[in-house]
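Data block below; observations after.
The values are calculated or read from the model by the stated rules, or taken from the named source; none is laboratory data. None of these values were measured; they are calculated from a predicted model. All Cβ positions, even for glycine, are placed from backbone atoms using ideal geometry, and neighbour counts span all protein chains on display.
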């Protein structure tokens, strides 16, 4: 088991990519601290992950990771329980589409708080523990194809995801002397994220057409989880400062795409509403 005797913190993990990653780390023998802001949903996720654990403990850590004090308390609990932190997966994030011309400042600030500030707070606490341990470590930040390919009505989301990749590169250089690796995962067309899980075949086809993904199927959270585990493993010990795209080939093509139907018709935006 690749992560036996390691301690892993995963934020935003009650479902989707965060849940899948936390579950796989538990299956690989790690102690896993599972975070989410939704305490009730987190309890159910923790029970499920515990059922898959192989030797390690699973700790539920309800907290708003966009709040620095809450992050401090969470890491105090993790370090008090396990005595170390070897891996951090910064998965927590939000995407609330809105028209730029009518958006208020709160919309902008909330995206920054959840998508970027949380990574600073969690990474700083995790990195301090890793430096004190003197055994290296790994941080993976969840970005998006939106970091490099913008979509309408998502200025706040796209900007913060671009910031995630810049943060990843800068932090990788800063922490390299302590053998702490920092990488980003940039997904698109993943079921359970922007693309909803579909039971109807025609709806699935419509979603795929909206994304125009070259591969003829959607990605799964488990696909992202496997890549996260690879990036945090010894097999990736010489990889740092990279944004790894997992998007079914979407970013390889030079044409606009529609984020699950969120791209609005420009004709509808012609009239002023401010």
Original post:
So which residues in the range 117-137 are assigned to a helix (DSSP H, G or I), in contact with a strand residue (DSSP E or B) (Cβ under 7 Å, 6 or more places away or on another chain) and without any contact (Cβ under 8 Å) to a residue 60 or more places away in the chain, if there are any at all?
Top reply: 119, 123, 127, 130
Subject >> Residues that are surrounded by fewer than 24 Cβ atoms within 10 Å (Cβ to Cβ) and over 17 Å from residue 122 (Cα atoms), drawn from the range 25-45 >> reply: 27, 28, 29, 38, 39, 40, 41, 42, 43, 44, 45
Subject >> Odd one out for residue 75, checked against (1) within 19 Å of residue 175 (Cβ to Cβ); (2) in contact with a strand residue (DSSP E or B) (Cβ under 6 Å, 6 or more places away or on another chain) >> reply: (2)
Original post:
Any residue at all in the range 143-152 that is crowded, with 16+ Cβ neighbours inside 10 Å, within 23 Å of residue 38 (Cα to Cα) and over 14 Å from the mean Cα position of the chain (by Cα)?
Top reply: no
Original post:
Given the conditions (1) crowded, with 18+ Cβ neighbours inside 10 Å; (2) modelled with pLDDT of 95 or more, and given that residue 213 satisfies all but one, which numbered condition is not satisfied?
Top reply: (2)
Subject >> Matching option when the condition is assigned to a helix (DSSP H, G or I), within 30 Å of residue 252 (Cβ to Cβ) and modelled with pLDDT of 95 or more, among 78, 140, 114 >> reply: 114
**OP:** Select from the range 85-103 the residues that are part of a loop (DSSP other than H, G, I, E, B) and buried (at least 19 other Cβ atoms within 10 Å of the Cβ) and list them in ascending order.
**Re:** 85, 86, 91, 92, 93, 95
Original post:
What number goes with the only condition from (1) modelled with pLDDT of 95 or more; (2) crowded, with 19+ Cβ neighbours inside 10 Å; (3) more than 20 Å from the chain's Cα centre (by Cα) that residue 207 does not pass?
Top reply: (1)
Subject >> Residues (more than 12 Å from residue 91 (Cβ to Cβ) and crowded, with 21+ Cβ neighbours inside 10 Å) located in the range 130-142 >> reply: 130, 137, 138
**OP:** Can you run down the residue pairs with Cβ atoms below 6 Å, 6 or more apart or on separate chains, where the first is in the range 54-75 and free of Cβ contacts under 8 Å to residues at least 40 places away in the same chain and the partner is exposed (fewer than 15 other Cβ atoms within 10 Å of the Cβ) and assigned to a loop (DSSP other than H, G, I, E, B)?
**Re:** none
Original post:
Across the range 230-249, what is the number of residues that are on the phi > 0 side of the Ramachandran plot, surrounded by fewer than 18 Cβ atoms within 10 Å (Cβ to Cβ) and in contact (Cβ under 8 Å) with a residue 40 or more places away in the chain?
Top reply: 1
